[in-house]
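Q: This is the structure I have questions about; it appears just below.
The values are calculated or read from the model by the stated rules, or taken from the named source; none is laboratory data. Computed from a predicted structure; not experimentally measured. Every residue, glycine as well, gets a Cβ built from its backbone with ideal geometry; the counts of neighbours run over all protein chains shown. Ligands, DNA and RNA are excluded from the accessible area calculation, which covers all protein heavy atoms including side chains. Shrake-Rupley method; radii C 1.70, N 1.55, O 1.52, S 1.80 Å.
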Protein chains: 2
Amino acid sequence: MKKLQIAAIQTHPEFGAVDRNIDTALGFVPQGCDLAVLPELFSTGYQFTSRAEALGFAENLTADQPGPTGARLAQFAGDTGTTVVAGLAEVCGDTLYNSAVLVRPDGSRGLYRKVHLYYDEKSLFAPGDLGFPVFAACGTTIGLMICFDWIFPEAARSLAFGGAEIICHPSNLLLPWCQAAMVTRSQENMVAIVTSNRIGTENRTGTPLAFSGRSQIVSRMGDRLAAKAKDDTGAAVATLEIFEKDKLFTPRNDLWGDRRPDMYRRDPAPDQA
Amino acid sequence: MKKLQIAAIQTHPEFGAVDRNIDTALGFVPQGCDLAVLPELFSTGYQFTSRAEALGFAENLTADQPGPTGARLAQFAGDTGTTVVAGLAEVCGDTLYNSAVLVRPDGSRGLYRKVHLYYDEKSLFAPGDLGFPVFAACGTTIGLMICFDWIFPEAARSLAFGGAEIICHPSNLLLPWCQAAMVTRSQENMVAIVTSNRIGTENRTGTPLAFSGRSQIVSRMGDRLAAKAKDDTGAAVATLEIFEKDKLFTPRNDLWGDRRPDMYRRDPAPDQA
């Protein structure tokens, strides 16, 4: 049985204080952990006042040199041996994405671009165009999703169908329901899920936002192994047992084998769309 | 705004005491309610010792005369004006199903056959072959699913994609997680869900079973409007506001319009199956 030490990092970023936010977040990562997950847009803060402002912070994560946040994450992963997942603003050509990057200790990267944008993010970011890729890391398979992806069952399911055994879920959650929903997402897919959220408030546009904390690590059977409170910062740490391609929810219920694809509607009926 | 009075009926059936179980369950339905949902296998009890025993109780729900339970439900619906949904063992030809029936006051019926069988049900019942049909009833659209269907997100989603505004969910729940999961199912699909469960224990095969109660009515936004305890019987009653084809979870997030079908994996990757 493979075991991995996992940390969900919960932060209170100051908008625009990129270096300080990175220092604080990485400072919370426990020594010797295998995988650390940081929140969505962890180095910048969330509430950009314009697309131009967000572009000023965005990094080119497909370039050899991935920008200041990407470089710091690679340095940290290389120095510590910890694989790091973090959310940040990405620019590719002229297009801005709300992205998450997985950085391995050898410096190689995996990239996810948020597929389901929440509310006013639609005015800033393009919807992700990479689907739900999964990455070999930490001796297992890891999938990434971001924040509001939680409400679409197809997001976590796509990652699990692709072979993810752990889902890393950088978030800036405003609504109160995701943390409970991720227990269900874990169970229905038999994947562990690490949700890293931020705390604090932002009000840069006249629309005040309060983030809900409660970062958590949930096992593939839906056990909440570790969690932060709604208002503190630091790391929730747990040891995850990694199972490979085992979907036996009961001795007679293989959740993949029991699926009945011919019985399912795949999309809204035409008169429902 | 259409409003419907809904009852989730929670019972403690005695195995095999069909008439008494029907009397008790229907006796809990409040006068004047629009829709009452009874548990899975509500009139017989759950733990059949053999397929032959289950066949002895099963009713032909596609016949004009639907058997004693079906006849009582039709009589009750006609007498009271309440649409009734209930779970019972169905025989069709030589095939036995774990089914749920919707009975309208005019005597017409809708039928669902449990698609995802739990554990030893696989030794008794054939898996359902009708998909996830939806039915016009109570002036809206109603879908049926049964118990363990809860863990497959495709079940509730298929019903919602088909236009269901209310999902009726007769259950004999043993595991403790479904009641929380149905909050997520409600939110991700923006449908109300009525889960009717039983209480008590059965031990007819040497495998003791304890049923978890906590029947509930959850709104399309995930609010638990009414619930029973884990160990009492009776009705959980709530008034549901019915919205038609409205999937706006936030003013800028239409949960149908925001779906990105091209980004999803629909089934496990071949090496994951």
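Q: Using only Cα atoms, locate the centre of region A:232-252 and the centre of region A:58-97, then give the distance between them in Å, rounded to an integer.
A: 27 Å
Q: Show me the ranking of peptides B:161-167, B:210-216, A:264-270 by mean Cβ neighbours inside 10 Å, starting with the highest.
A: Working: B:161-167: 24.4, B:210-216: 22.7, A:264-270: 14.4.
Put in order of decreasing packing, that is B:161-167, B:210-216, A:264-270.
Q: Counting C-alpha atoms alone, how compact is region A:1-135: give Rg to one decimal and Dmax as a whole number, in angstrom.
A: Values for region A:1-135 (Cα only, Rg and Dmax): 14.3, 48 Å.
Q: Checking the a/c ratio against 1.5 first, then a/b against b/c, what shape does the Cα gyration tensor give for region A:91-222?
A: Oblate is the answer for region A:91-222, as a/c is 1.5 or above yet b/c matches or exceeds a/b.
Q: I need the shape label for region B:189-273. Rule: rounded when a/c is under 1.5, else prolate if a/b > b/c, else oblate, with a, b, c from the alpha carbon gyration tensor.
A: Taking the square roots of the gyration eigenvalues as a ≥ b ≥ c, region B:189-273 is oblate.
Q: A follow-up question, please. Shielding of B:182-193 by partners, i.e. mean partner chain Cβ atoms within 10 Å per residue?
A: On the way: counts 1, 4, 12, 4, 0, 7, 9, 2, 1, 0, 0, 0.
Mean number of neighbouring Cβ atoms from other chains: 3.
Q: Quick one: divide the alpha-carbon radius of gyration of region B:2-272 by 2.2 N^0.38 Å and tell me what you get.
A: 0.96
Q: How long are the three semi-axes of the equivalent ellipsoid for region A:130-188, computed from the Cα gyration tensor as the root of 5 times each eigenvalue, in whole Å, largest first?
A: 19, 11, 11
Q: Probe of 1.4 angstrom, ligands and nucleic acids ignored: what's the accessible area per residue over region A:49-188, in square angstrom?
A: 28 Å²
Q: How much of the accessible area of chain A, in percent, comes from carbon and sulfur atoms when a 1.4 Å probe is used? Present the calculation step by step, with values, prior to reporting the outcome.
A: On the way: 4700 of 9370 Å².
For chain A, the apolar C and S fraction of the accessible surface comes to 50 percent.
Q: Using the Karplus curve 6.51 cos²θ - 1.76 cosθ + 1.60 with θ = phi - 60°, what ³J(HN,Hα) values do you get for each residue of region B:2-15, in whole Hz, with x for Gly and Pro?
A: Residue by residue, region B:2-15 yields 6, 10, 10, 8, 10, 10, 9, 9, 10, 10, 10, x, 9, 4 Hz.
Q: Now for a different question. In chain A, what % of DSSP beta bridges are antiparallel (nearest 5)?
A: Beta bridges within chain A, antiparallel portion: roughly 70 percent.
Q: Still on this structure: Just need the relative contact order of chain A here, percent rounded to a whole number, with Cα pairs under 8 Å and 6+ apart.
A: Details: 650 pairs, mean separation 53.6, N = 273.
RCO, chain A: 20 percent.
Q: Separate question: Could you work out how far apart the two model spin labels at B:Arg51 and B:Lys3 are, taking each label as a point 7 Å from the Cα in the direction of the beta carbon, and quote it in nm?
A: Taking the simple label geometry, B:Arg51 and B:Lys3 are separated by 5.0 nm.
Q: Using a 1.4 angstrom probe with every protein chain in place, what is the largest-first accessible-area order of B:Tyr119, A:Tyr97?
A: Numbers: B:Tyr119 75, A:Tyr97 20 Å².
Descending accessible area places them as B:Tyr119, A:Tyr97.
Q: For the protein assembly as shown, what ratio Rg/Rh do Cα atoms give with a Kirkwood hydrodynamic radius?
A: 1.02
Q: Here's something else I'd like to know. Quick one: label points 7 angstrom along Cα→Cβ at B:Thr205, distances to the other copies in nm, smallest first?
A: Spelled out, the distances from B:Thr205's label point are 5.5 nm.
Q: Between copies, how far does the label point of B:Ala269 sit from its twins, in nm, shortest first, when each point is 7 Å from Cα along Cα→Cβ?
A: Spacings between copies for this position, smallest first, are 3.5 nm.
Q: Under the convention of a label 7 Å out along Cα→Cβ, give the distances in nm from B:Thr49 to the same position in every other copy, shortest first.
A: The projected label point of B:Thr49 is separated from its counterparts by 7.8 nm.
Q: Which value, in Å² and to the nearest 10, is the accessible area of B:Cys138 when all protein chains are kept and the probe is 1.4 Å?
A: My reading of the accessible area for B:Cys138 is about 30 Å².
Q: On to the next question. Under 18 Å between alpha carbons, and skipping anything fewer than 8 positions from B:Lys247 in its own chain: which aspartates and glutamates qualify?
A: A:Asp120, A:Asp149, A:Glu154, A:Asp267, A:Asp271, B:Glu154, B:Glu165, B:Glu188, B:Asp223, B:Asp258
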